Amino acid sequence: MKFVVLMFVSLVLASCFNEGDCLISATNYVHFQFKKKTNITTDTTVAFTSITVSNSNSLLLQDSLSSELLIPLDISTDATSTTFIFHRADDVDNPTITATDTLQVTYTKQSKVISRDCGAFTFYHNLKIIRTNLSSAQIKIISTDLIKDPTSSGPSAYAINYQILY
Amino acid sequence: MLSIIRYCISVYLALLLAQFAQAQEKTTTTTKPKAIPKPKIDYSPSALRVGTDIISLVKTGQTFKGWELNGDIDFSRYYLAVDVGSWAKNLTLNNGNYTNGGTYFRMGIDVNFLTNDPDRNMFFLGFRVGHSLFHETLTYQATSPLFSPANYQLSNGSVSGGWGELTTGLRVKIWKGLWMGYTARMKFAPGTKGNSATLAPYDMPGYGIVQNKPWWGFNYQVFWRFAWRKLPPVVVKKD
């Protein structure tokens, strides 16, 4: 009887200390989609000459055509807002006419330990636009949380945060 | 006329049958044996069993320091069980370090299902309510293209939490007052309060990883039973 008990104890112990899979849904990327003003269900391609993000000296991209973008939030420990500056051609067919759009967003951060093997990550919530030159009719808020599907890749893996209508 | 006679006879026979049946019923009621009165259950406690979790002591090292004391007191086949413990962890993460420390207690009832065992060994099912008070710190490095790595340092000074448990296990008498046993726990419904908004509680002493619901626990325990009165010998029922 005691031997059976010990066997049972060993089996239960062996099953107690498992670590989960490393599936991380945390991200600092804001997902923008660009749609036509005249038909918000249709994608529009925007010719960006450059995009800059506050607290970063690098350009996110240069001379690129896009209908959706993933732009990172400032990850510094004391940052609670990030400013994005989009330099773009106002007319795709005429790149000499340019426009600049500015978006400043605030957010809250929560750090979570996922597991010992995966590590700790920052989760961004309550995304809010506090400053922009775009009209409110041009911005559609889809999600205020930054999250990604860890089982897939590409922009579609990230939750859409804003749709900008041009 | 003949039909009236027939009718009268049939009514008489029916009444006779009914009377006979009633008489039979009375006979069976009177012959039914009297129910033997059940012996009165003695709920007064007879002993206090105090023990410790061997697994906590064996696990104690670089990453884990902890102890747990267990006690129960009998009320017939029902046992009031109390566990008190402490644990502290120091975990190296893939991108940082996590430490915590705190104390906890659990309280609940175990029900013994081995009521015919002459040694009063136990196989029990029970439940517990747990409460923990702890602190934790987290340091880690976040990285992202375009930005310099950011070193986060966060802490939760005083977090309290609670949970429920379903338990099962054995208590086996080894020698005189020495008992050994195990308790397997299914812990559920963890809740915490008092943490900062910037750090989600990770590991709650007594419960484990807060985001795992349910979570499992296991104790292998040694006890000493302090008895203050002798219980009557168990009458083993034979089938």
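Among strands (runs of 3 or more DSSP E) lying entirely in segment A:91-166, which contain 1 or more residues that are among the charged types (D, E, K, R), within 20 Å of A:S76 (Cβ to Cβ) and open to solvent by less than 70 Å² (accessible area, probe 1.4 Å)?
In segment A:91-166, A:94-115 are the strands (runs of 3 or more DSSP E) which contain 1 or more residues that are among the charged types (D, E, K, R), within 20 Å of A:S76 (Cβ to Cβ) and open to solvent by less than 70 Å² (accessible area, probe 1.4 Å).
Pick out the one residue from A:I71, A:I85 that is buried (at least 18 other Cβ atoms within 10 Å of the Cβ), within 14 Å of chain B (Cβ to nearest Cβ), farther than 30 Å from B:N212 by Cβ and touching a Ser or Thr at 6+ places or on another chain (Cβ under 9 Å).
After ruling out the rest, the residue left standing is A:I71.
Mind listing just one residue for me: the one in segment B:179-200 that is of a type in the set (A, V, I, L, M) and either assigned to a loop (DSSP other than H, G, I, E, B) or within 13 Å of another protein chain (Cβ to nearest Cβ) (or both) and, of those, surrounded by the fewest Cβ atoms within 10 Å (Cβ to Cβ)?
So, considering only residues that are of a type in the set (A, V, I, L, M) and either assigned to a loop (DSSP other than H, G, I, E, B) or within 13 Å of another protein chain (Cβ to nearest Cβ) (or both), the one surrounded by the fewest Cβ atoms within 10 Å (Cβ to Cβ) is B:A197.
Is at least one residue of segment B:201-211 open to solvent by less than 60 Å² (accessible area, probe 1.4 Å), more than 16 Å from B:Y104 (Cα to Cα), among the hydrophobic types (A, V, I, L, M, F, W, C) and in contact with a Phe, Trp or Tyr (Cβ under 8 Å, 6 or more places away or on another chain)?
No, there is no match, as no residue in segment B:201-211 is open to solvent by less than 60 Å² (accessible area, probe 1.4 Å), more than 16 Å from B:Y104 (Cα to Cα), among the hydrophobic types (A, V, I, L, M, F, W, C) and in contact with a Phe, Trp or Tyr (Cβ under 8 Å, 6 or more places away or on another chain).
For segment B:201-228, give me each residue that is at the interface with another protein chain (Cβ under 10 Å from one of its Cβ atoms), part of a strand (DSSP E or B) and of a type in the set (F, W, Y).
B:W215, B:W216, B:F218, B:Y220
Which residue is nearest to A:S58 (Cα to Cα), if the candidates are limited to segment B:144-191 and must be in contact (Cβ under 8 Å) with a residue 40 or more places away in the chain and among the hydroxyl-bearing types (S, T, Y)?
B:Y152
Across segment B:146-178, which residue is nearest to the other protein chains (Cβ to nearest Cβ) among those that are buried (at least 20 other Cβ atoms within 10 Å of the Cβ) and closer than 22 Å to B:T52 by Cβ?
B:L170
Quick test of your reading of the structure: B:F124 fulfils all but one of (1) under 30 Å from B:A184 (Cβ atoms); (2) in contact with an Asp or Glu (Cβ under 7 Å, 6 or more places away or on another chain); (3) within 11 Å of chain A (Cβ to nearest Cβ). Name the failing condition by number.
(3)
Results for (1) touching a strand residue (DSSP E or B) at 6+ places or on another chain (Cβ under 8 Å); (2) more than 23 Å from B:W228 (Cα to Cα), shown as yes or no for each residue.
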residue	(1), (2)
B:K59	yes, yes
B:Y79	yes, no
B:L93	yes, yes
B:Y98	yes, yes
B:G108	yes, no
B:N116	no, no
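The values are calculated or read from the model by the stated rules, or taken from the named source; none is laboratory data. In this text the structure is predicted, and so the values were computed from the model without any measurement. So basically every Cβ, Gly included, is an ideal-geometry build from the backbone, and we count neighbours across all protein chains shown. We work out accessible area using only protein heavy atoms, side chains counted, and drop any ligands, DNA or RNA first. Shrake-Rupley method; radii C 1.70, N 1.55, O 1.52, S 1.80 Å.
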